[in-house]
Amino acid sequence: MRVEASEPLIAPEDIRTIKGNEIVITKKKTAAEVLDYVVDDSLFLGSDTIASVTWLVSPAGVTIGSTSNTSSTATIWLSGGTVGVTYVVTCRITTAGGRTKDYSFNLRIVNDGQN
């Protein structure tokens, strides 16, 4: 799985923490920015394809703009948020073969110019 915001999966400015046996990625954006995030699920899918995608953001406060998907990727546009709050963004993919897989990343809202 790749999660991008028009940049590499794990950009140098992303925060990476280890939780159990997985790496948790925290992306940053300002409340004023409107950014797209892409989940590339091609490695998990193999010959299967994405049938549907549901996006969840918790807690409330970030605005979900448009969403779309191809046979192997899912895209969401996000805006807003409250400075200092970290949101969990989850992409729930259901495949044509009947599998369901969740991918999550953290989205921290920062002040303009804050690292």
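We did not get these values from a lab; they are worked out from the coordinates using the rules stated. On a predicted model such as this, the values are computed, not experimentally measured, just so you know. Here Cβ is always computed from backbone atoms with ideal geometry, including for glycine, and neighbour counts include all displayed protein chains.
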* **Ranked Phe105, Phe44, criterion: other C-beta atoms within 10 Å, fewest first** => Phe44, Phe105
* Asked: Among Leu56, Leu78, Leu43, what is the fewest-to-most ranking by other Cβ atoms within 10 Å?
  -> Leu43, Leu56, Leu78
* Structure fact -> Most exposed first, judged by fewest Cβ atoms within 10 angstrom, Trp77, Trp55 run Trp77, Trp55
* According to a simple spin-label model (label point 7 Å from Cα along Cα-to-Cβ), what is the distance in nm between Arg92 and Ser52? -> 1.0 nm
